[in-house]
Amino acid sequence: MGQSTSTSRPISSKPSGVISSPALDAVARNPGGITSDLDVVVTGDDYTLNLPDECLACIFQSLSAGDRKRSSLVCRRWLRIEGQSRHRLSLNAQSHLATVVPRLFSRFDAVTKLALKCDRRSVSIGDDALILISLKCRNLTRLKLRSCREVTDDGMAVLAENCKNLQKFSCGSCSFGAKGMNALLEHCAFLEELSVKRLLGITDGAVAEPIGPGKAAGTLKVICLKDLHNGHCFGPLISGAKNLRSLKLFRCYGDWDKLLGVVADRVNGLVEVHLERVPVSDLGLSAISNFANLEILHLVKTRECTNIGLMTVAGNCKLLRKLHIDGGKTNRISDDGLIAIATNCPNLQELVLIGLNPTHLSLDELATNCRNLERLALCGSETVGDAEISCIAEKCVALKKLCIKSCPVSNHGMEALAGGCPNLVKIKVKKCSGVTSEGADWLRASRGSLAVNLDAVEPELPSASEQETDGANNRRNRDVNVASRSTGRSISFKMRLGSFSGRSLVASTIRRWSSFGSRFWNNSRRGCAE
């Protein structure tokens, strides 16, 4: 493809496609390759000339990112329209970005959603570049910052003043602190979603500056905090967000029992709460129970939560639709808490239980009372066997998706599912040694429309001692003479070496299995119920 073939007009459908002499003259006059709308290079009519710019912009918005880039090279008009119609942009936010910001945003002057992401090992843009971007993109509604460690409180303050229409803000691994965050909350009065992860600029200790509430507290609906050592600094913001709908806390330290009590007194409309590895006890769950409209609750490795707290939530939050509990094998939540959920929350549609040991008693209550239960995941349970699966198959008539992982279930449980759960469309079975591929195949054959995903357990490898013995026998069989001349010390060394090799092989295999298991375990809360 030579430069002379870049044209504003598609090639004609005529078989010859001959370039006329006026076209050759046009190519000579414009050797740069990108032609104007009036140039005539290829025979045939360019019907896009009759389309308004707005129609072309709509077409460009329907294309993939790669096709948009290629389309912008056709002609100057397409280049201009493609840039003016692009509203979403993601940039590598390394320091050299600052040199191209003026030209870049002169072309993309209608961007409303911007992501600035930098590699952790690279030097990111600083305040100057961020301020320049904020001047060029005053209509930003969404901004995401990742690993922009050179951005300080001063840069965030100017950004907040220039981009007052922000509705969603997300930052991760950034170095600005409470002053920059407070400036954002004070100037961005339309902010609806705030996500903060690893904010490195928050000072340590009791002297940490509080964050919020600011003018944004009146509009915030979603707050997500992750990996914050001083997460309690956001207490004034959370308790002041009177229209808050969703609160997500992941690995944030602080006195959350007390803070949740304050939030419960001031916020009434919360419908979603995620707590993962957060120091919360039954006192915190008692505060959460005051949210009468609560529909979604995730408790992941909150080790101080027990049946008492869960029963309190069940008694007051009767609209609960989704419940995820990862007990971390502490056995503090058992049948009593689950029976309370079954009795008081008839609208339950999704239930994920990880590291708990529910028995036939609680599962029978859940299956009987929660008639709308559509998604169920049972992972890492020592008590969920064939009898429990048979109960689910018999009574969970609305169930559509089922995930079973690391439970003592066998092929008999699969046989029960073949005749039950009439609406079941997908089942995942992971690390259940009693379920074989034959059982899964039989289940597929019995219910042809059912998608069965089986992770068959691999056969055990021989032990290191067995491998050592076999290796020694093979060496003796291969060369008896050499073996007879070997000293006792060399034989001992070879045996130790063989034992070490065997252990290494088994260890590497276990690590490989463990890696696979951890990936599934991390996704089980999302994937098991899908």
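The values are calculated or read from the model by the stated rules, or taken from the named source; none is laboratory data. Just so we're clear, the structure is a prediction, and the values are computed from it rather than from any experiment. So basically every Cβ, Gly included, is an ideal-geometry build from the backbone, and we count neighbours across all protein chains shown. Just the protein is used for accessible areas: all its heavy atoms, side chains included, with ligands, DNA and RNA removed. Shrake-Rupley method; radii C 1.70, N 1.55, O 1.52, S 1.80 Å.
A few points about this structure:
- Pairs where the first residue, in segment 216-237, is of a type in the set (A, V, I, L, M, F, W, C) and the second is in a helix (DSSP H, G or I) and open to solvent by 10 Å² or more (accessible area, probe 1.4 Å), C-beta under 6 Å, 6+ apart: 217/240
- In segment 183-191 there is no residue matching the filter, namely being within 25 Å of the chain's Cα centre (by Cα) and either more than 21 Å from residue 114 (Cα to Cα) or of a type outside the set (A, V, I, L, M) (or both).
- Test result for residue 138, within 21 Å of residue 225 (Cα to Cα) and open to solvent by 40 Å² or more (accessible area, probe 1.4 Å): no
- Residue in segment 246-267 that is in contact with a Gly (Cβ under 9 Å, 6 or more places away or on another chain), of a type in the set (Val, Ile, Thr) and open to solvent by 10 Å² or more (accessible area, probe 1.4 Å) present: yes
- Flag for residue 211 being under 25 Å from residue 267 (Cα atoms), touching an Asp or Glu at 6+ places or on another chain (Cβ under 9 Å) and open to solvent by less than 10 Å² (accessible area, probe 1.4 Å): no
- Taking the criterion of being open to solvent by less than 10 Å² (accessible area, probe 1.4 Å), free of Cβ contacts under 8 Å to residues at least 40 places away in the same chain and either more than 14 Å from residue 136 (Cα to Cα) or of a type in the set (Phe, Trp, Tyr) (or both), the residues of segment 84-116 that qualify are 85, 105, 116.
- Qualifying residue in segment 256-273 (condition: at negative phi and touching a Cys at 6+ places or on another chain (Cβ under 7 Å)): no
- Condition met for residue 273 (β-branched (Val, Ile, Thr) and more than 17 Å from residue 197 (Cβ to Cβ)): yes
- Taken over segment 250-289, the residue count meeting the criterion of being of a type in the set (Val, Ile, Thr), under 25 Å from the mean Cα position of the chain (by Cα) and assigned to a helix (DSSP H, G or I) is 1.
- Taken over segment 343-357, the criterion of being under 13 Å from residue 370 (Cβ atoms) and open to solvent by 10 Å² or more (accessible area, probe 1.4 Å) is satisfied by 343, 344, 346, 347, 349, 350.
- Flag for residue 220 being touching a helix residue (DSSP H, G or I) at 6+ places or on another chain (Cβ under 9 Å), assigned to a loop (DSSP other than H, G, I, E, B) and within 22 Å of residue 318 (Cα to Cα): no
- Residue, nearest to the chain's Cα centre (by Cα), within segment 290-324, restricted to residues that are within 14 Å of residue 352 (Cα to Cα) and of a type in the set (A, V, I, L, M, F, W, C): 300
- Residue in segment 198-209 that is among the acidic types (Asp, Glu) and not in a loop (DSSP other than H, G, I, E, B) present: no
- Test: residue in segment 384-393 that is part of a loop (DSSP other than H, G, I, E, B) and surrounded by fewer than 24 Cβ atoms within 10 Å (Cβ to Cβ): yes
- Looking across segment 319-334, the residues that are open to solvent by 20 Å² or more (accessible area, probe 1.4 Å), part of a loop (DSSP other than H, G, I, E, B) and at pLDDT 95 or above come down to 319, 321.
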